[in-house]
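Heads up, the thing below is written out as structure tokens.
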Amino acid sequence: MADQYAAVTADAGADPLLAGFIDALPTGAQVLDLGCGPGIIAAHMARAGLSVTATDASREMVALAADSSGVTARLATFDDITEEDAYDGIWANFSLLHAARADMPRHLAALHRALKPGGLLHIALKSGTGAHRDTLGRLYTYYTADELETLLIAAGFIPFSSATGRDTGLSGEMADWIAISAHG
């Protein structure tokens with residue numbers, strides 16, 4: 001479904017949260033696009049002058065992302081993020097929602113270690129409670145704003161802004177979401 005996902009997310013570069021993330025980082029900043037999908041956002045960040053490492057657990061998505069100029073794409077799961085003080089920014093946009101709730105503290109701690117001190121994290125997840133699989137069989141774990149903020153603080157992050165919305169995902173289902181920006 002990599003090509004279909006790329007078509008659905010083709011206009012993702014127009015996201016005002018992405019523009020704010022890019023504007024907050026200096027030219028040449030090292031950025032991790034965690035769960036990059038087809039690399040549309042990674043390519044947009046690279047065109048804006050950022051040095052982008054894009055990771056995804058899908059070989060097909062990594063292949064699409066690798067075709068983008070200025071993007072270093074690699075096959076990796078959330079557990080493969082082991083760098084320390086490597087990134088000025090981490091873009092985790094609707095990727096960690098596919099992780100089990102019990103694993104979220106460990107994943108956030110790894111991202112905190114990978115982020116340079118004072119670096120910028122953007123995380124977006126579907127909001128709500130519980131977890132379920134969508135019509136495509138993908139796991140979604142839902143978080144309330146307070147729950148996500150608490151998890152971020154426990155991992156060492158300092159949340160400073162948030163946004164909410166409602167959109168249609170790849171499965172065609174409408175869903176509420178929350179995005180939080182935090183410093184490492």
Inter-probe distance in nm under a simple model that places probes 7 Å from Cα toward Cβ, at ASP176 and THR135: 2.2
Counting DSSP beta bridges with both ends in the chain, the antiparallel % (nearest 5): 50
Additional length obtainable on full extension of the chain from THR150 to THR77, 0.36 nm per residue less Cα span: 23.9 nm
Highest to lowest packing among 162-168, 49-55, 145-151, scored as the average C-beta count within 10 Å: 49-55, 145-151, 162-168
Residues ASP103 and ALA19, FRET efficiency given R0 of 30 Å [Cβ-Cβ distance, rounded to 0.05]: 0.50
The chain, accessible area per residue, ligands and nucleic acids excluded (1.4 Å, Å²): 46
Portion, in percent, of the accessible area of the stretch 7-121 that falls on carbon or sulfur, probe 1.4 Å: 53
Calculated [θ] (222 nm, deg cm²/dmol) that DSSP helices of n ≥ 4 give over the chain, each run adding -39,500 (n - 2.57): -8000 deg cm²/dmol
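The values are calculated or read from the model by the stated rules, or taken from the named source; none is laboratory data. Not measured: the values here are computed from a predicted model. Positions of Cβ are generated from backbone atoms using ideal geometry, with glycine treated the same way; all protein chains shown enter the neighbour counts. All accessible areas refer to the heavy atoms of the entire protein, side chains included, with ligands and DNA or RNA removed. Shrake-Rupley method; radii C 1.70, N 1.55, O 1.52, S 1.80 Å.
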